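Participant: One structure coming up, written as structure tokens, with questions to follow.
What follows draws every value from the coordinates through simple rules; no lab data is involved. From a predicted model like this one, the values you see are computed outputs, not experimental measurements. Virtual Cβ from ideal backbone geometry, glycine too; neighbours counted across all protein chains shown.
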Ligand SMILES: NC(=O)c1ccc[n+]([C@@H]2O[C@H](COP(=O)([O-])OP(=O)(O)OC[C@H]3O[C@@H](n4cnc5c(N)ncnc54)[C@H](OP(=O)(O)O)[C@@H]3O)[C@@H](O)[C@H]2O)c1
């Protein structure tokens, strides 16, 4: 027969073995090893969230690891990689998924200059990637409290704001992501899920060779505040990093 002291010790040990839920919830961020994704991992950690950050090469994601995030391998264009991530996270409730991973590969303005391969690769990452991730992680987000998908799009995906052209593949890939997000907002919003798309600002990252008028930290601080404050009423909306509503 165990003594009361031994029973108490066993109870305490079993309690400490339980995964502790972060006060604010759990957020998964794709492409979190650099740029806006890494800054988001830092901001959400700071804001009291448990962060799962994905990287194509986890071994090289040293800055992401330094934030304290759990790092999971993910290439959003690869079905096997997405399935492996979903398997690793099976049973884990995720409050917010931020589809941040993206590429900008085409700059052509003339029909004769279009790089069809680059446009296809852009769609594979920017459009099919988030759709694949949302499908794979739907059970996790459904089990979370916030039930939110935040998709990092761009103002370049807006028809109304397209006054200066350029980058046909990038613009079209983000417009298609906007359309997919809006469709899911209509179809699955009824089940209590929230889908919102974001323009993160013009941000100094590798994507634009450090151009831009705000830093990743500024963009991520704004986005974190807005995303953490979203609720079901925001379903199907398009916001910038400061919470200003944008036209489709
Ligand atoms: N910077 C801006 O001004 C700006 C403006 C509007 C919208 N955005 C959007 O903001 C998001 C983040 O952009 P950023 O400026 O931070 O770009 P970035 O610095 O180039 O970072 C892109 C991130 O996406 C990841 N990624 C690329 N292809 C991937 C794939 N197949 N699977 C998984 N991850 C992949 C990269 O991982 P690797 O390190 O492995 O390549 C990296 O972590 C993108 O969706 C972008 O379109 C940016």
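Participant: Can you go through 36, 98 and tell me which one is within 23 Å of residue 142 (Cβ to Cβ), under 12 Å from the mean Cα position of the chain (by Cα) and in contact (Cβ under 8 Å) with a residue 40 or more places away in the chain?
Facilitator: Only one candidate passes the filter, namely 98.
Participant: I'm checking my understanding of the structure. Among residues of the stretch 27-86 that are part of a helix (DSSP H, G or I), near the ligand (Cβ under 9 Å from one of its atoms) and out of contact with any helix residue (DSSP H, G or I) (no Cβ under 7 Å at 6 or more places or on another chain), which one is nearest to residue 132 (Cα to Cα)?
Facilitator: So, considering only residues that are part of a helix (DSSP H, G or I), near the ligand (Cβ under 9 Å from one of its atoms) and out of contact with any helix residue (DSSP H, G or I) (no Cβ under 7 Å at 6 or more places or on another chain), the one nearest to residue 132 (Cα to Cα) is 81.
Participant: Would you mind finding the one in 93, 104 that is more than 9 Å from the ligand (Cβ to nearest atom) and surrounded by fewer than 24 Cβ atoms within 10 Å (Cβ to Cβ)?
Facilitator: Exactly one of 93, 104 is more than 9 Å from the ligand (Cβ to nearest atom) and surrounded by fewer than 24 Cβ atoms within 10 Å (Cβ to Cβ), namely 93.
Participant: Shifting gears a bit: Which one is surrounded by the fewest Cβ atoms within 10 Å (Cβ to Cβ), of the residues in the stretch 157-185 that are free of Cβ contacts under 8 Å to residues at least 40 places away in the same chain and touching a helix residue (DSSP H, G or I) at 6+ places or on another chain (Cβ under 7 Å)?
Facilitator: Only one residue fits best here, namely 162.
Participant: Let me ask something additional. Pull up the stretch 112-128, narrow it to residues that are within 30 Å of residue 185 (Cβ to Cβ) and more than 11 Å from the ligand (Cβ to nearest atom), then point me to the one that is surrounded by the fewest Cβ atoms within 10 Å (Cβ to Cβ).
Facilitator: Top of the filtered list is 120.
Participant: Quick check on the stretch 142-156: of everything there that is out of contact with any strand residue (DSSP E or B) (no Cβ under 6 Å at 6 or more places or on another chain) and part of a helix (DSSP H, G or I), which residue is farthest from residue 177 (Cα to Cα)?
Facilitator: My answer is 142.
Participant: Looking at residue 109, is it in a loop (DSSP other than H, G, I, E, B), surrounded by 16 or more Cβ atoms within 10 Å (Cβ to Cβ) and more than 16 Å from the ligand (Cβ to nearest atom)?
Facilitator: no
Participant: When you go through (1) within 14 Å of the ligand (Cβ to nearest atom); (2) under 21 Å from residue 89 (Cα atoms) one by one for residue 174, which number turns out not to apply?
Facilitator: (2)
Participant: Given the residues 192, 201, which is the only one that is assigned to a loop (DSSP other than H, G, I, E, B), touching a helix residue (DSSP H, G or I) at 6+ places or on another chain (Cβ under 6 Å), in contact (Cβ under 8 Å) with a residue 12 or more places away in the chain and over 21 Å from residue 114 (Cβ atoms)?
Facilitator: 201
Participant: Out of the stretch 214-233, which residues are outside any helix (DSSP H, G or I) and either more than 9 Å from the ligand (Cβ to nearest atom) or surrounded by 19 or more Cβ atoms within 10 Å (Cβ to Cβ) (or both)?
Facilitator: 215, 229, 230, 231
Participant: For residue 131, indicate whether it is crowded, with 22+ Cβ neighbours inside 10 Å and farther than 20 Å from residue 108 by Cβ.
Facilitator: no
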